[in-house]
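Engineer: Could you have a look at this structure, given as structure tokens, before my questions?
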Amino acid sequence: MDKFVIHGGGKLRGTIMVGGSKNGTLPLMAAALLTKGVTSISGSPHLQDVATMSNVLRVSGARVYGKRHELKIDTATCNHFEAPYDLVKTMRASFYVLGPLVARYGRARVSLPGGCAWGPRPVDLHLKGLEALGAQIKNDHGYIEARAKYLVGATFEFDKVSVGATAQLVMAATLARGVSRLVNTAKEPEILMLVQMLRKMGAQIQELPDGLKITGVRKLKPVHITVMPDRIEAGTYIAAATLAGGSLRIENCPIDHLSAAMDVFSRAGAVMKKAGPRVLVVQGPKVIKPMEISTAPFPGFPTDLQAQLMAVLSMARGTSIITDTVYHDRFTHVAELKRLGADISVSGNSAIIQGVASLTGAEVMATDLRASAALVIAGLRARGTTKLDRVYHIDRGYEHIEEKFNAVGARIERIKEAM
């Protein structure tokens, strides 16, 4: 497995480019199953998660091809309606294919998902919503089997906001017979991009104050869509500049989707200036300020930036508290940050961070995608050398992050080790 060797202490200076949204691309790929023909997705990131989803689609019989950042998905030959455990266990988003498959073909068999190794993230809302639309659901030895002669319109209210379940059900409802009303849906930009794509395909979707109204159609058409920039990648670079210091120019930055993150890192002391519609210049502070902050669904501070913020606040001058209201046990990075010298304790779904004067390089291990990003950021500031193992986690969501950071003054080596 590859590892990073991070030589800390240098400040970041220069321009860094944000890639296409990982969390946005994956549901768009699943949505291609709703139609027959070639769907093309421009600006897709070249990531392990995208490769995994491509293989899930190939198992169904689809052809997935194209250039590095241009995906083409041909569903004309789909004839196998299963997503196997070996693929789904590595990435939860593979589960997205369940709704499109049962909506278009009347049946699907998809393994229960895996992915990051922190906390239970059940798929109850996915399944309850599909049952409300008329699907018959059965759990068969770790596989979800869904069947329906056709889906029917229904009203379904989410008892909590769920990005994944919202994407799943809005896709399925596009081909249901009748009108569906989804209440308390997620409002993340990635969901709005999926809705935009479905409308281009011919879906009838109306945004309501409390959710979405979908009038089912008999068929959809393949389209071309361009992926938005990745707001979590951009937020990670803001965090890196805040902790490591220096001045970082972030291009292709989805500023409109980063209001909460920009506000939080500004409170920590970073100075930000818009230099164009998608250009943000971030100046690191001399002193990092402590704070109390809670994660929340969009437009709140995203849980996917919680670990990166914790790395920053580990060197704040004072005590900070981060409460994760989205995932209550997303704190596997705490133990690893402590190996670098951070002073952090966990109580329930809150982390109490006592700021320290310095971090020191050590051997640490990535436990999930965003935790690995936090450890890279911490390593940039730590004195000495940090060795980060299991960087395959970070490859799932950041395209050549070490090369991007090295271009702006970091010193990160990728060491390839034999299995």
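Since every read-out is calculated from the coordinates, none of them should be taken as a lab result. None of these values were measured; they are calculated from a predicted model. Don't worry about glycine lacking a Cβ; one is built from the backbone with ideal geometry, like all the others, and counts go over all protein chains shown.
Engineer: For segment 344-419, list log₁₀ I(q)/I(0) at each q in 0.12, 0.25, 0.27 Å⁻¹, using the Debye formula over Cα point scatterers of equal strength and ignoring solvent, two decimals each.
Structural biologist: Summing over Cα pairs of segment 344-419 leads to -0.38, -1.31, -1.41.
Engineer: Across every pair of different alpha-carbon atoms, what Kirkwood hydrodynamic radius in Å does segment 270-419 reach?
Structural biologist: Kirkwood radius, segment 270-419: 16.1 Å.
Engineer: Let me ask something else. Could you tell me the relative contact order of the chain? Use alpha-carbon pairs under 8 Å, at least six residues apart, and round to a whole percent.
Structural biologist: The value is 21 percent.
Engineer: Return the lysines within reach of LYS387: Cα separation strictly under 25 angstrom, same-chain partners fewer than 8 residues apart disregarded; answer none if there are no such residues.
Structural biologist: Excluding near neighbours in sequence, the set is LYS3, LYS11, LYS338, LYS404, LYS416.
Engineer: Checking the cross-link filter: which aspartates and glutamates have an alpha carbon closer than 19 Å to that of LYS286, excluding same-chain neighbours under 8 positions apart?
Structural biologist: In chain and number order, the partners are ASP263.
Engineer: First check a/c for segment 22-226, with a ≥ b ≥ c the square roots of the eigenvalues of its C-alpha gyration tensor; if it is under 1.5, answer rounded, and if not, answer prolate when a/b is larger than b/c or oblate otherwise.
Structural biologist: It is rounded, given that a/c, with a ≥ b ≥ c, falls under 1.5.
Engineer: Rule-of-thumb check for segment 124-250: C-alpha Rg over 2.2 N^0.38 Å?
Structural biologist: 1.29
Engineer: Another one. Starting from the Kirkwood radius over alpha-carbon pairs of segment 151-215, derive D by Stokes-Einstein at 4 °C in a medium of 1.567 mPa s and give it in µm² s⁻¹.
Structural biologist: Values: Rh = 11.4 Å.
For the chosen part, D equals 114 µm²/s.
Engineer: Separate question: Using only Cα atoms, locate the centre of segment 145-198 and the centre of segment 222-248, then give the distance between them in Å, rounded to an integer.
Structural biologist: 27 Å
Engineer: Placing +1 at every Lys and Arg Cβ and -1 at every Asp and Glu Cβ, with all other atoms neutral, what dipole size does the chain have around its Cα centre, in debye to the nearest 20?
Structural biologist: The dipole magnitude comes to about 880 debye.
Engineer: To two decimal places, what compactness ratio does the chain give when its Cα radius of gyration is scaled by 2.2 N^0.38 Å? Walk me through the numbers on the way to the answer.
Structural biologist: Details: Rg = 21.4 Å, N = 419, 2.2 N^0.38 = 21.8 Å.
That ratio works out to 0.98.
Engineer: A further question on this structure: For the charge dipole of segment 22-226, defined by +1 on Lys and Arg C-beta atoms and -1 on Asp and Glu C-beta atoms about the Cα centroid, which residue among ASN139, SER40, GLN196 has the Cα displaced farthest towards the positive pole?
Structural biologist: The one lying farthest along the dipole's positive direction is SER40.
Engineer: Averaging sequence separations of C-alpha pairs under 8 Å and six or more residues apart, then dividing by the length of segment 22-226, give the relative contact order as a whole percent. Intermediate results must be reported in sequence, preceding the final value.
Structural biologist: On the way: 461 pairs, mean separation 42.4, N = 205.
Value for segment 22-226: 21 percent.
Engineer: Another one. How large is the helix-only mean residue ellipticity at 222 nm for the chain, computed as the sum of -39500 (n - 2.57) over DSSP H runs with n ≥ 4, divided by its residue count, in deg cm²/dmol to the nearest 500?
Structural biologist: Result for the chain, helices only: -8500 deg cm²/dmol.
Engineer: Which of ASP140, ASP389 comes first, and how do the rest follow, when ranked by fewest Cβ neighbours within 10 Å?
Structural biologist: In increasing order of surrounding Cβ atoms, one gets ASP140, ASP389.
Engineer: Projected onto the charge dipole of segment 216-312 (+1 at Lys/Arg Cβ, -1 at Asp/Glu Cβ, origin at the Cα centre), which of MET228, HIS257, ALA307 gives the Cα projection farthest towards the positive end?
Structural biologist: Highest projection toward the positive end goes to MET228.
Engineer: Rounded, prolate or oblate for segment 177-315? Axes are the square roots of the Cα gyration tensor eigenvalues, ordered a ≥ b ≥ c, and the cut-off for rounded is a/c under 1.5. Intermediate results must be reported in sequence, preceding the final value.
Structural biologist: Numbers: a/c = 3.64, a/b = 2.13, b/c = 1.70.
Judged from the Cα gyration tensor, segment 177-315 comes out prolate (a/c at least 1.5, a/b above b/c).
Engineer: Read phi for every residue in segment 156-169 and hand back ³J(HN,Hα) as whole Hz from Karplus 6.51 cos²θ - 1.76 cosθ + 1.60, θ = phi - 60°, with x for Gly and Pro.
Structural biologist: Each residue of segment 156-169 in turn: 9, 10, 6, 6, 8, 5, 9, 5, x, 5, 4, 4, 4, 7 Hz.
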